Amino acid sequence: VEMVGDLAQRVSATLGQPVRVSFVDVLGPTPSAVLASMAGPTIVVPAFLSRGYHVTTDIPAHVAASGHPDVTVTEALGPGLQLVRVLADRLIESGWRRDDSVILAAAGTSDPDARHDLHTTATWLSAITGSRVELAFATTGLPRVPDAVAALRGRRRGRVIVASYLLSEGLFQDRLRASGADVVTDPLGTHPGLVRLIADRF
C-alpha cells in the first residue's frame with residue numbers, strides 16, 4: 001500500500017496534477033467510492049500488468065456503480081515495450097548475464113486474454129535477452145514458478161533468474177524468492193519507466 005501511494009505521488013509530480021488511489025480488491029477505497037466523490041472529467045488508469053477480470057469486469061462495474069457521468073478508462077499497463085524495458089532494467093540491476101536462463105514470473109490468471117498478454121510480454125523479453133524466456137505463475141496457472149525453475153535446472157546448466165512481473169513486495173514476491181532460483185529481480189515498484197507509463201496512459 002505504501003508503494004502504491006509513493007507511485008501515485010510520483011505520477012502526480014510528473015503530470016502536475018493530483019492522482020487519487022483506489023483498490024479493486026481486498027482494501028478500500030474502491031474505485032466507485034473515489035469516483036463518486038469527484039466532479040468533472042475523470043480518467044481511470046488500471047494499474048494492472050495485463051487484461052483480466054479486474055480490468056474487464058470489476059472496473060467497469062465500479063464506474064457504473066459510481067454514477068459518475070464522465071469517466072474514461074485507459075488500457076491496462078501491459079503488454080507493452082515500456083514495461084519490457086522496465087523488466088530488462090530490473091534484470092540488469094540483478095546482475096543478469098547472457099548465459100542465464102530467465103523465467104518471467106507473473107501472479108497468475110485464468111483469463112485467456114490476460115494469458116495472451118503475458119505470453120506476449122515473455123516473447124518481447126526473449127528478444128531483449130537473446131534467448132527464450134519461460135512464463136510461469138506464482139498462483140493460478142501452470143507451470144508454477146518452482147516447477148519452472150526445477151525444469152530449467154534439469155535441461156540447462158548455469159543460473160536461473162526469475163524476472164518478477166509484479167508491482168510490489170508482498171506474498172507473491174515472497175513466493176518467487178522461495179522458488180529455488182539463483183536470482184529473483186525486484187518488483188517493478190516505482191521504477192521511473194513505470195511512472196512514465198502510467199502518466200502516458202493518462
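Scan the stretch 18-34 and tell me whether some residue there is open to solvent by 60 Å² or more (accessible area, probe 1.4 Å) and in a helix (DSSP H, G or I).
no
Within the stretch 149-176, take every residue that is in a loop (DSSP other than H, G, I, E, B) and over 14 Å from the mean Cα position of the chain (by Cα) and give me the one that is surrounded by the fewest Cβ atoms within 10 Å (Cβ to Cβ).
My answer is Arg157.
Out of curiosity, is Ser179 touching an Asp or Glu at 6+ places or on another chain (Cβ under 8 Å), open to solvent by less than 40 Å² (accessible area, probe 1.4 Å), not in a helix (DSSP H, G or I) and not β-branched (Val, Ile, Thr)?
So Ser179 fails the test.
Could you check, for the stretch 46-55, whether at least one of its residues is at pLDDT 95 or above, of a type in the set (Gly, Ala, Ser) and surrounded by 14 or more Cβ atoms within 10 Å (Cβ to Cβ)?
yes
Each row is one residue, and each column tells you yes or no for (1) in a helix (DSSP H, G or I); (2) over 11 Å from Ile198 (Cα atoms).
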site: Ala47; (1), (2): no, no
site: Arg51; (1), (2): no, yes
site: Thr57; (1), (2): yes, yes
site: Val63; (1), (2): yes, yes
site: Pro69; (1), (2): no, yes
site: Ala76; (1), (2): no, no
site: Asp89; (1), (2): yes, yes
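Which one of these is open to solvent by less than 30 Å² (accessible area, probe 1.4 Å), in contact with a Phe, Trp or Tyr (Cβ under 6 Å, 6 or more places away or on another chain) and of a type in the set (A, V, I, L, M): Ala122, Ala138?
When all the criteria are applied, what remains is Ala138.
For the stretch 74-125, what are the residues that are in contact (Cβ under 8 Å) with a residue 60 or more places away in the chain and in contact with a Pro (Cβ under 6 Å, 6 or more places away or on another chain)?
Asp117, Thr121
Can you pull out every residue in the stretch 113-144 that is part of a helix (DSSP H, G or I), hydrophobic (A, V, I, L, M, F, W, C) and within 26 Å of Thr56 (Cα to Cα)?
Ala114, Leu118, Ala122, Trp124, Leu125
With respect to Thr72, is the statement that it is modelled with pLDDT of 95 or more and either touching a Cys at 6+ places or on another chain (Cβ under 9 Å) or open to solvent by 30 Å² or more (accessible area, probe 1.4 Å) (or both) true?
So Thr72 passes the test.
Looking at this structure, is Leu118 aliphatic (A, V, I, L, M), modelled with pLDDT of 95 or more, within 14 Å of Leu166 (Cα to Cα) and out of contact with any strand residue (DSSP E or B) (no Cβ under 6 Å at 6 or more places or on another chain)?
no
The values are calculated or read from the model by the stated rules, or taken from the named source; none is laboratory data. Nothing here was measured: the structure is a model prediction, and the numbers come from that model. Positions of Cβ are generated from backbone atoms using ideal geometry, with glycine treated the same way; all protein chains shown enter the neighbour counts. Please note that ligands, DNA and RNA were not included when accessible areas were found on the heavy atoms of the full protein model with its side chains. Shrake-Rupley method; radii C 1.70, N 1.55, O 1.52, S 1.80 Å.
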